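Below is one structure, written out as structure tokens; the observations come after it.
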């Protein structure tokens, strides 16, 4: 089966071609192995000396459970003097100062922890600390956009095995984010209702791409994915930005992310996973009308090819309906094991 699918929000095109499953594979990607003694995020390492921005302590108060520290190798600089752009005012060579904040979320003191092995209580605490920090960064002078992202595995862009994620506040709205925000605003103008509310209602009605639904969230495989087995977590209550979630919603989200991570590991041999928070630009005063934050879970089974890089068109070999079915089966098997 081969056909086109288009995301109405971004205009992104996906070429769905299930026959590509049968391609031969020659390349092998080796997972980088790091021992605890070499890990900069393990307790007692160099990260202990980094400027700490937030922390969650263990229930007994004896140690930290989650730490947020300054990134030692930041993509953006808080000091404007260190973020100065090249002095060239020619219109062919636009540039700007890369001011902002870049922080690392050390998600656990345990070197080999994954979301699938962290307890739901720990994940809930992680979401609390991240949400509070996201809200703080959104109020930072000069920030136009804040995101939280996670790279795990050899193909994700991650360099360290220790469980960690990153927060970045930028002085600009990324083009991809801006296009999607404009698409959502246009949908609101054309249809008189929010894109995300309509999407959730339509997906729940059809059911074929829904992986799981809880009291507060839905996990579904998007209509036009970028990668095979991609999913997205959407809240049922419209919220333009990810901040301090109410306790019940935070626990519900932690439970869903834990179950989803377990299902992914059971169903697929993944070599990487990216998790990305998508939220409204800070300056979008009307965002509450048209936007809803969401978490994208993007598996990485292969490198991005020339078609994707050159045209922005994504070639995917597994239909999202099939991905949702496989993940639902994984969740059902997990439920039976627990029972």
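The values are calculated or read from the model by the stated rules, or taken from the named source; none is laboratory data. Being a predicted model, the structure only gives us computed values, none of them experimental. A quick note on method: Cβ atoms are made from the backbone with ideal geometry, for glycine too, and the neighbour counts reach across all protein chains shown.
Structure data summary
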| item | result |
| --- | --- |
| Where a residue in the stretch 53-68 is free of Cβ contacts under 8 Å to residues at least 24 places away in the same chain and its partner, wherever it lies, is not in a strand (DSSP E or B), with Cβ under 8 Å and at least six apart | 57/63 |
| Residues of the stretch 280-304 satisfying the condition of being out of contact with any strand residue (DSSP E or B) (no Cβ under 6 Å at 6 or more places or on another chain) and not in a loop (DSSP other than H, G, I, E, B) | 287, 288, 289, 290 |
| Residue among 261, 269 that alone is closer than 21 Å to residue 114 by Cα, over 18 Å from the mean Cα position of the chain (by Cα) and not in a strand (DSSP E or B) | 269 |
| Scan of the stretch 305-325 for residues that are within 12 Å of residue 228 (Cα to Cα) and either part of a helix (DSSP H, G or I) or under 20 Å from the mean Cα position of the chain (by Cα) (or both), ordered by number | 314, 316, 320, 321, 322, 323, 324 |
| Selected residue (only one of 276, 316 is surrounded by 15 or more Cβ atoms within 10 Å (Cβ to Cβ) and modelled with pLDDT of 95 or more) | 276 |
| Number of positions in the stretch 102-120 that are at pLDDT 95 or above and surrounded by fewer than 20 Cβ atoms within 10 Å (Cβ to Cβ) | 0 |
| First in the stretch 75-96 and over 16 Å from residue 169 (Cα atoms), second anywhere and part of a loop (DSSP other than H, G, I, E, B) and modelled with pLDDT of 70 or more, Cβ under 8 Å, 6 or more apart | 84/97; 85/95; 85/96; 85/97; 85/98; 86/93; 86/95; 88/95 |
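For every residue, the table says whether it meets (1) in contact (Cβ under 8 Å) with a residue 24 or more places away in the chain; (2) part of a helix (DSSP H, G or I); (3) touching a strand residue (DSSP E or B) at 6+ places or on another chain (Cβ under 6 Å).
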site: 180; (1), (2), (3): yes, yes, no
site: 183; (1), (2), (3): yes, yes, no
site: 189; (1), (2), (3): no, yes, no
site: 211; (1), (2), (3): yes, no, yes
site: 215; (1), (2), (3): yes, no, no
site: 227; (1), (2), (3): yes, no, yes
